[in-house]
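Following: one structure in structure tokens, then a few remarks.
The values are calculated or read from the model by the stated rules, or taken from the named source; none is laboratory data. Here the structure is a predicted model, which means the values were calculated and not measured. In this analysis, Cβ positions are derived from the backbone assuming ideal geometry, glycine residues included, and neighbour counts consider all displayed protein chains.
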Amino acid sequence: MILSELTAFYQRMLKEQNVELPPPGYSRELIGFVLVLTRQGVLRRILPRLDDKGKARPLLVPAPRKQSGSGISPNLFWDNTGYLLGVDGKGNPQRSAKTFAAFRQDHTVLARDTRNVRLEAVAAFLEAWRPEMFADLEVGPRILDKNGVFQIEEDEGFLHEQADIRRIWEEQRRAGEQEPSGICLATGKTAPIARIHPPVRGVSGANPTGAALVSFNCDAFESYGKSQSFNAPVSNEAAEAYTAALNFLLQKDSGHCLRLGSTSLVFWTEQPGPAEKIFVPCLLCEDDEKLDAGTAEDRELLGRTRAVLRAAREGKKPADADLEALRAAETRFFLLGLKPNQARLGVSLWQISSLGQLLENLGRHYHDLALAPQYANDPPLPPLWMLLRELAPQGKTENIPAGLGEALSRAVLSGGRYPENLLAIVVQRIRSDKNISYLRAALLKAFLLRNHPSQGVRTMTLDDSRKDRPYLLGRLFALLEKTQSDAVGSVGASIKDRYIGAASATPLLVFPQLLRLAQHHISKADYGKYDEDKIADVMRHIDAFPPHLSLQEQGDFFIGYYHQRVVNYQKKEKE
């Protein structure tokens, strides 16, 4: 199903204008230099193809050759300096000598078989070149390990772009497809089956040179005497199509990819339309004015989408006009999550939905998250990456707990339960850095509301009607903290810094001591009588301090603390 939908997407994109998707047999690679040769094969000059940051520029070239068992597999008409010139920066001159020899052998044989004058010039250059000559090149350090192509002097365009060379490449492709035929799983047609599939590039954390989505490398994986990818018969044409589609979707500027922890989430629609363009803006950013959603029609649909999500968040009925516009944009929506696994890729998420269903699931997620903000800049529709970053030590994305990105995104996009370890991760982060932020409290509320709906109602703001002890204990702690602040102002280590972890887990060991300390603070504070009355109002419903709280009860403790603290802050602002 995944491969067939990717193949169909590739065929769809080939028909669209202004889409730089490589045609069958070609690939868009980063090319950093051009070797300009005379017709006799003499190196005239080397032209760098680098941007202002010294990075290679993309160029359409013949597709990379499939990897052989030895790992040495030269491309035709282009490759990196290890193959083209016999020098690389890997510190293994024996291997670079072998790669250069393989590249030279392939092009020498091809020139002899075709008698093409351009290829004869390339063969002559390779025969005369010696890797030690690289040290004399002025541009050598700039092009080392980058990919290069050839150009024959007086030709317009590069070697591989010439009509006669393109014909030779097509013949080479057809000759390389002499594989056993079978029924392709992706297209259902009888065609030559690919033995090895092209690499997929762009998955965060995977091999930069590419990783395989379909591969078999051990005898234990073989069945019925079928080795390698003949176990999962996919035609050469379909293998090239689905990998080209994935490589396009995984590009950073494609608008079809999100990085969520270790997961690369790609998405596309069955038919072109604005729904495909507004998905990332819906998930990534709240400020509509900063978004580039394409045409005026796309921006209008994005605005309507945001209106529907805000209404869902606030528990209101969306406007009929907004719903009607979104129904008109309905099309099948595909979501694919990929995870790196050394030289292979794992599928962590595969979902077929529609824009309407996705919006409904997103709306439910934002409704569950809905919480009174602590500060004016707290986002009412926080994006996924922001929630994940809140759970990472030091706030660094590389520290996001393993597997949490795909698990949380699956829950948000499918409308299912949040990952069961989410509660423990949030509580652990709070206990570690003593920060009960807006986003962490919102995640606690969302988790308890969705995964434990029978345990009571959890509101956006302070709920005076709640009489459950964990919630009340959280409120009490926030009031005791405010009493200390009113009495002594800012201190080096407040009661939150010193006691909130223990108070949330073992209330009986902490609260008696904090209440005794509060009497001292009340006597010194200007508003001590007011603070004492608020504490008494909460204490009236606490008959005893429990010796410990469960993990779920600790979540309610922190929600109660957050609710009360927001009220304390608002009161202070009014005063």
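Of all residues in region 142-168, those satisfying the criterion of being in contact (Cβ under 8 Å) with a residue 40 or more places away in the chain, surrounded by 15 or more Cβ atoms within 10 Å (Cβ to Cβ) and not in a helix (DSSP H, G or I) are Leu144, Lys146, Asn147, Gly148, Val149, Phe150, Gln151, Ile152, Phe158, Gln162. Filtering Ser490, Ser550 for residues that are closer than 26 Å to Ser465 by Cα, loosely packed, with under 13 Cβ neighbours inside 10 Å and within 41 Å of the chain's Cα centre (by Cα) leaves a single hit, Ser550.
Restricting attention to region 1-16, the residues being of a type in the set (S, T, N, Q) and under 22 Å from the mean Cα position of the chain (by Cα) number 1. Scan region 399-408 and tell me whether some residue there is surrounded by fewer than 21 Cβ atoms within 10 Å (Cβ to Cβ) and of a type in the set (S, T, N, Q). The answer is yes, given that some residue of region 399-408 is surrounded by fewer than 21 Cβ atoms within 10 Å (Cβ to Cβ) and of a type in the set (S, T, N, Q).
Looking across region 112-131, just one residue is in contact with a Gly (Cβ under 9 Å, 6 or more places away or on another chain) and either exposed (fewer than 11 other Cβ atoms within 10 Å of the Cβ) or hydroxyl-bearing (Ser, Thr, Tyr) (or both), and that is Arg130. When you check Leu387 against the structure, is it under 25 Å from Ala505 (Cβ atoms) and out of contact with any Asp or Glu (no Cβ under 8 Å at 6 or more places or on another chain), yes or no? For Leu387, the condition - under 25 Å from Ala505 (Cβ atoms) and out of contact with any Asp or Glu (no Cβ under 8 Å at 6 or more places or on another chain) - is met. Looking at the structure I just gave you, is Pro58 under 30 Å from Val214 (Cα atoms), in a loop (DSSP other than H, G, I, E, B) and in contact (Cβ under 8 Å) with a residue 24 or more places away in the chain? Judged against the criteria, Pro58 is not a match.
Scanning region 322-344 for residues that are more than 15 Å from Gln357 (Cβ to Cβ) and at pLDDT 75 or above returns Leu336, Gly337, Leu338, Lys339, Pro340, Asn341, Ala343, Arg344. Only one of the numbered conditions (1) at pLDDT 80 or above; (2) over 17 Å from Gly337 (Cβ atoms); (3) within 18 Å of the chain's Cα centre (by Cα) is violated by Pro233, and that is (3).
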